[in-house]
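Okay, structure first, notes after.
The values are calculated or read from the model by the stated rules, or taken from the named source; none is laboratory data. Predicted model, so just to flag it, every value in this text is computed and none were measured. Every residue, glycine as well, gets a Cβ built from its backbone with ideal geometry; the counts of neighbours run over all protein chains shown.
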Amino acid sequence: MKKSLTLAMALALGVTASAYAANPFSDVPAGHWAYDSVAKLAAEGVVDGYADGTFDGDKLLTRYEMAQIVAKAMAKGAGCDKLAAEFADELDTMGVRVAKLESKADAVKITGEVRYHYADKDVERVYVNGSPIGEADGKKGYENQLRSRIWIQGQVNEDWKYTGMLQNTQDFDNETGDEETKFKRAYVEGKIGGVDVLAGRYNAFLVNGNLYDEHADGIELSYGKDVKFTAFYMKPTDQNGQYHEDVASSNVSFKSIMRYDKAYGAKVDTTIGAVKATAGYTVFKDGKDVYIADTNLDGVFGEILIDDHDIQDNKIWNVGVAFDLAKDLTFTADYLKSDLNSIKVPGYESTFDGDDGLVIGLNYKGAKASEPGSYGLYANYYDQSRGTVIAHTMNGAYGGKGFKGYMLGANYTFAKNIVASLEWYDIKGKSMNLDGSGTPFTIPERDMETLWAQVVFTF
């Protein structure tokens with residue numbers, strides 16, 4: 001009830017007797033036991049009362065009404081940490097951010113995430129001149145992995161904060177118990193004047209992940225609200241190298257990987273009526289075509305560098321839109337255009353199928369970790385050339401010569417902070433022409449199907 005609320009809030013705000021002489025509400029006379037408290041809260045803008053000028057102190061509050069009052073009280077400096085924790089989900093749902101509340105939080109926050117995922121991949125094996133083309137860019141027909149993350153976030157001051165992330169990955173694909181632990185994120189966020197700054201090792205997410213979704217070392221600057229301009233400079237990580245050829249014998253796969261030393265670009269985001277629109281330009285520079293042999297001799301795996309050659313820069317521009325088709329149903333579309341349709345190195349030239357890309361998506365609702373029973377459905381259609389893919393966000397096999405196809409996905413929150421996802425990919429890898437010192441030939445299209453599932457625990 002409001003009478004107990006006013007006491008709690010008034011004490012938190014440090015109300016003293018007879019703080020205000022004016023009568024704020026018609027049903028709270030000057031002699032009422034809660035007069036001073038109610039007057040203080042009204043004057044501070046924490047409570048508003050009703051349109052008829054009453055406070056109605058005996059009326060029961062909803063949780064959302066209480067959450068609004070807590071947010072306002074915290075903004076005024078009230079020590080309501082326990083109440084803020086109790087109504088954290090409501091505040092989050094309402095999109096309420098209170099700067100002073102956030103500044104009062106612990107200087108360092110530690111959170112975690114554990115994810116288990118399994119992927120079953122069925123990749124067509126094709127032959128060129130009697131030689132087999134390997135499976136899914138050198139990957140096995142399945143993935144079986146446990147990933148654990150520890151996030152560390154520290155508040156530097158009112159304008160700057162630090163984020164770090166330690167990640168352990170355990171692969172169960174073989175009996176060797178492969179695992180690694182790496183410091184995958186280490187970056188700061190803040191403001192310099194009116195410019196938002198992000199710098200360090202962060203996850204770069206370009207063109208909704210259709211161009212690039214991986215960590216990188218760099219800096220990102222953003223300015224504006226209604227029309228937001230963003231520019232970035234980064235060094236992509238080596239693991240983003242994508243296989244565009246994988247010719248396998250019985251125990252050796254010869255692979256060609258594209259890697260880039262640096263990337264930069266800019267984009268602009270705005271909202272036009274009900275439509276969110278974006279346009280951008282990205283350049284990946286100083287690339288290499290790295291030729292390696294991946295051996296499997298008597299069960300012993302290893303990669304041997306055969307050769308590498310410099311390749312031309314990859315310049316990509318993109319446009320995209322997103323808008324609601326109906327309640328909880330969102331349509332997205334991204335178009336990409338690359339100037340990379342072939343790779344020329346001494347001795348041969350690889351020509352890809354096309355130089356542009358189109359991704360269309362539908363999203364209905366979405367599972368929220370804080371809301372048990374919440375769910376989402378989503379689908380994407382892809383038609384992307386090799387030059388429009390550096391490190392794709394998708395969880396299915398897509399090869400490295402460009403691809404087209406679709407995916408269907410669903411997620412569901414079984415219990416608070418336990419979310420499961422299931423995705424199906426039906427992808428066809430595009431063809432590639434090779435013209436070398438010998439007889440030119442074409443690596444044909446091949447079918448790739450992936451059933452991917454995961455469960456994520458957050459804490």
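Restricting to the stretch 340-363, what's the tally of residues that are out of contact with any Asp or Glu (no Cβ under 9 Å at 6 or more places or on another chain) and assigned to a strand (DSSP E or B)?
Matching residues across the stretch 340-363 total 3.
Between a first residue in the stretch 145-166 that is touching a residue at least 40 places away in the same chain (Cβ under 8 Å) and a second residue that is buried (at least 16 other Cβ atoms within 10 Å of the Cβ) and among the small types (G, A, S), which pairs have beta carbons less than 8 Å apart while being 6 or more apart in sequence or on different chains?
W151/G164; I152/G164; Q153/G164
State the number of residues belonging to the stretch 333-392 that are surrounded by fewer than 17 Cβ atoms within 10 Å (Cβ to Cβ) and of a type in the set (V, I, T).
Looking only at that region, the number is 2.
Residues in the stretch 340-384 that are within 23 Å of the chain's Cα centre (by Cα) and either of a type in the set (S, T, N, Q) or not assigned by TED's automatic domain parsing to the domain that holds K315 (or both): how many?
Selection size over the stretch 340-384: 5.
Which residues, taken from the stretch 318-331, are surrounded by fewer than 18 Cβ atoms within 10 Å (Cβ to Cβ) and either in a strand (DSSP E or B) or hydroxyl-bearing (S, T, Y) (or both)?
Within the stretch 318-331, V319, V321, F323, D324, L325, A326, L329, T330, F331 meet the criteria.
Considering only residues that are at pLDDT 90 or above and surrounded by fewer than 17 Cβ atoms within 10 Å (Cβ to Cβ), look in the stretch 442-454 and name the one that is farthest from the chain's Cα centre (by Cα).
The selected residue is L451.
Count, please, the residues in the stretch 419-450 that happen to be among the polar types (S, T, N, Q), part of a strand (DSSP E or B) and farther than 13 Å from E124 by Cβ.
Count: 3.
Among the candidates E220, E214, which residue alone is modelled with pLDDT of 95 or more, surrounded by 16 or more Cβ atoms within 10 Å (Cβ to Cβ) and acidic (D, E)?
E220
Can you tell me which residues in the stretch 190-239 are touching a Leu at 6+ places or on another chain (Cβ under 6 Å) and among the charged types (D, E, K, R)?
E220
Return yes when K401 is more than 25 Å from S148 (Cβ to Cβ), touching a His at 6+ places or on another chain (Cβ under 7 Å) and touching a residue at least 60 places away in the same chain (Cβ under 8 Å) and no when it is not.
Judged against the criteria, K401 is a match.
Can you say whether T278 is touching a Ser or Thr at 6+ places or on another chain (Cβ under 9 Å), farther than 27 Å from P444 by Cα and of a type in the set (S, T, Y), as far as the supplied structure shows?
Yes.
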